[in-house]
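Following: one structure in structure tokens, then a few remarks.
All of the numbers you see were taken from the coordinates with simple rules; none came from a lab. Everything numeric here is computed off the predicted structure, so don't read it as measured data. Here the Cβ positions follow ideal geometry from the backbone for every residue, glycine too, while neighbour counts run over all protein chains shown.
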Amino acid sequence: MRLRTTIACILLLLSSFAMGQADTTLNVTISSKRPLPQIGLDLKGRKYFVMSTRQDKAVLMELQIGLYRDSLLSRYETLQKDNERDIRLLKGRIQDQGRTIDKNVKTIAEWEQVYRLEVKKSENLQKNVDDQAAYIRRKKLSWWLGIGAGVVGGLIIVDRYVDFD
């Protein structure tokens, strides 16, 4: 009796395994008159895309090329975004340096103006010094002329009123 129950259990298990396999086995019907690829139907009426092995390899190669192309495009877009960000940063730095240069140019212009004013002041002071020197020369001349006139006048007076013999 035990043998019979064991065999019955084994047959029951095998039949349940067979049902599971029948559900997962793919039987697709296609029309042999049309070339591949085709849309096929399985036993439950679901649609499948059916192609030959060579077509399958070609599609896989195209998919790999497409994925490679997509990865190159995404890498290109990433590099482009990075480069645009770098360009924006560099343009900002150029603008900052341009502002600094403009400030320096203004400062240089102001210093040049201060220099020109100081040169004019120096020229005016030198002119004043020259005028003062000329004035002093004129004063010295008149002083020496006055002294000379005084000495000569004194000698004339002494000669007229004093007799040395």
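Values for this structure:
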quantity	calculated
Net charge over other residues, Cβ less than 14 angstrom from the Cβ of Arg93 (K, R count +1; D, E count -1)	+2
The range 122-164 - Debye-derived log10 I(q)/I(0), Cα point model, q = 0.18, 0.23, 0.24, 0.29 Å⁻¹	-0.62, -0.75, -0.77, -0.88
Relative counts (whole %) of C-alpha pair distances in the range 67-147, using bins that are 10 Å wide	14, 15, 14, 12, 10, 9, 8, 6, 5, 3, 2, 0
Rg/Rg_globular for the range 52-112, with Rg_globular taken as 2.2 N^0.38 Å and Rg from C-alpha atoms	2.46
Charge dipole of the range 52-112 about the Cα centre (unit charges at C-beta), most positive-ward option of Val105, Thr53, Tyr76	Thr53
The range 34-165, relative contact order [Cα under 8 Å, separation at least 6], %	8
Dipole magnitude of the range 52-112 about its Cα centre (Cβ charges: Lys, Arg +1; Asp, Glu -1), debye to nearest 20	120
Local net charge near Leu145, Cβ-Cβ under 15 Å (Lys/Arg +1, Asp/Glu -1)	+4
J(HN,Hα) series, the range 112-119, from Karplus relation 6.51 cos²θ - 1.76 cosθ + 1.60, nearest Hz, glycine and proline x	5, 5, 4, 4, 4, 5, 5, 5
At most 15 other Cβ within 10 Å, DSSP loop - chymotrypsin sites (Phe, Trp or Tyr not before Pro), the range 81-165	Phe164
